[in-house]
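Notes to accompany the following structure.
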Amino acid sequence: MGSESERLMKLAEKWCARNYEPLPVCISKGEGVYVWDPEGRKYMDMLSAYSAMSHGHRHPKIINAIVEQTGRVTLTSRAFHNDTLGPFLEKLCALTGFEKALPMNTGAEAVETALKAMRKWAHEVKGVPDGRARIIAAANNFHGRTIAAISMSTSATTKRSFGPLLDGIDIVPFGDADALESAITEETAGVLLEPIQGEGGVVVPPDDYLSRARDICDRRNVLLCLDEIQTGLGRTGKMFCFEHYGIRPDIITLGKALGGGVFPVSAVCANQNVMSVFTHGTHGSTFGGNPLAAAVAIAAMDALRDERMVENSARMGEYFMAKLRELKLPGVELVRGKGLLVGVVLEKPEAHEKSLELLAAGLLAKDARPDIIRFAPPLIITQDQIDEALEIIVKVFK
């Protein structure tokens, strides 16, 4: 007889479409930075559900919020008002500094919403003929899995056999401001960028890239939208990654950590000059802004601030990367990132094999590219826990 973990993994693989290739571990319990499998083996979670678990597993404040809210009301749809949506959006706008927010559920929906906003703005405000608005995106991006998002992708696997894809997309190299400016035409509505490319392998652009992109967009009357679904809410050591560069975008998309690791919550934030394009019936979502999501997001934002998770992310990220570089691990070419979004670039394309070895040693991380391992632990991680992770990493690499 196989183990309970094996039985459950086989069951999932029997019935689930094979759109993922998970590492061979089955998680049945989580607390803080640790998870356990059904056999009771303990692992350190250094992926945080791709940053959705930034608060750690089952954060008490967030669990209390969802339990309390389920005891009152869970869904009203936007056909009616509910008593948590207003307080949630007020808090989110105060946090982001934008005048308006539009709540959705998943990161992909937030990106879709932002694309619609930019196109409609181009048509109604900028004067681009309807049906001609273009969006500029960066090579190596990841903005989700909808038809619109994959139309912007440069990954063959992501796009193959899903056509016809969306028209009106222009792709430029990430980090190249001159190429960005050259791609702008009278029909360009907006530029969509990740401040740091997460799925692309934790690719950090040149220091002046976002400030130059901001300047270009201002001069050319184009909206700058930053996808902070993975980099936002403290992941890079600032509340939002754009703060590292001293700029503000016109639109920001948020998701992942906004749901505190317990519920899908996403949002698009912008000022009234952009958000006014949405009028009754032009966009919506049955679950977007539901009371459960709103209660969870309020608790998630409060916890980030009250427990100084953003500051911890900056400190621990600096410590973790400095130690990784000091160790001069065999087979490691480069360590890069900001805060607790860390990419370890290998000399050979063996990131998947190394992830399996880390798993066997009790640490969960994942290959972002064949030669890049991404480490993104919960923002609550302590220095002792980073040292514990480093011991495992050293054991695997040395």
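Looking only at strands (runs of 3 or more DSSP E) that fall completely inside segment 95-177, which ones have 1 or more residues that are surrounded by fewer than 21 Cβ atoms within 10 Å (Cβ to Cβ), in the same structural domain as residue 202 (by TED's automatic domain parsing) and among the charged types (D, E, K, R)? I'd like the intermediate steps shown before the answer.
On the way: elements: 100-104, 134-138, 169-172.
Hits in segment 95-177: 100-104, 169-172.
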Problem set entry | Matching entry among 331, 317, 261 (being crowded, with 16+ Cβ neighbours inside 10 Å and in contact with a helix residue (DSSP H, G or I) (Cβ under 9 Å, 6 or more places away or on another chain)) | 261
Exercise. Within segment 288-299, is even one residue modelled with pLDDT of 95 or more and under 30 Å from residue 130 (Cα atoms)?
Worked result: yes
Problem set entry | Failed item, numbered, when residue 330 is tested on (1) outside any loop (DSSP other than H, G, I, E, B); (2) more than 27 Å from residue 245 (Cα to Cα); (3) not polar (S, T, N, Q) | (1)
Exercise. In this structure, is residue 189 touching a strand residue (DSSP E or B) at 6+ places or on another chain (Cβ under 8 Å), at pLDDT 95 or above and not in a loop (DSSP other than H, G, I, E, B)?
Worked result: yes
Exercise. If you go through segment 106-146 one residue at a time, how many are closer than 21 Å to residue 159 by Cβ, touching a residue at least 40 places away in the same chain (Cβ under 8 Å) and basic (Lys, Arg)?
Worked result: 3
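Has segment 236-246 got any residue that is in contact with a Leu (Cβ under 6 Å, 6 or more places away or on another chain), assigned to a loop (DSSP other than H, G, I, E, B) and of a type outside the set (Ser, Thr, Tyr)?
Here is the first cut: in segment 236-246, the ones in contact with a Leu (Cβ under 6 Å, 6 or more places away or on another chain) are 236, 242, 245.
Subsequent filtering for residues that are assigned to a loop (DSSP other than H, G, I, E, B) retains 236.
With the extra rule that they be of a type outside the set (Ser, Thr, Tyr), the set shrinks to none.
Taking every residue of segment 236-246 in turn, none turns out to be in contact with a Leu (Cβ under 6 Å, 6 or more places away or on another chain), assigned to a loop (DSSP other than H, G, I, E, B) and of a type outside the set (Ser, Thr, Tyr).
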Problem set entry | Residues of segment 75-88 that turn out to be part of a loop (DSSP other than H, G, I, E, B) and surrounded by 15 or more Cβ atoms within 10 Å (Cβ to Cβ), as a count | 4
Seminar exercise, completed: Inside segment 309-364, the number of residues satisfying the requirement of being within 20 Å of the chain's Cα centre (by Cα) and on the phi > 0 side of the Ramachandran plot is 2
Problem set entry | Residue check for residue 95: in contact (Cβ under 8 Å) with a residue 12 or more places away in the chain, closer than 29 Å to residue 247 by Cβ and touching a strand residue (DSSP E or B) at 6+ places or on another chain (Cβ under 6 Å) | no
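The values are calculated or read from the model by the stated rules, or taken from the named source; none is laboratory data. Note that the coordinates shown come from a computational prediction; the quantities given were computed from them, not determined experimentally. Positions of Cβ are backbone-derived with ideal geometry, glycine not excepted, and every protein chain shown enters the neighbour counts.
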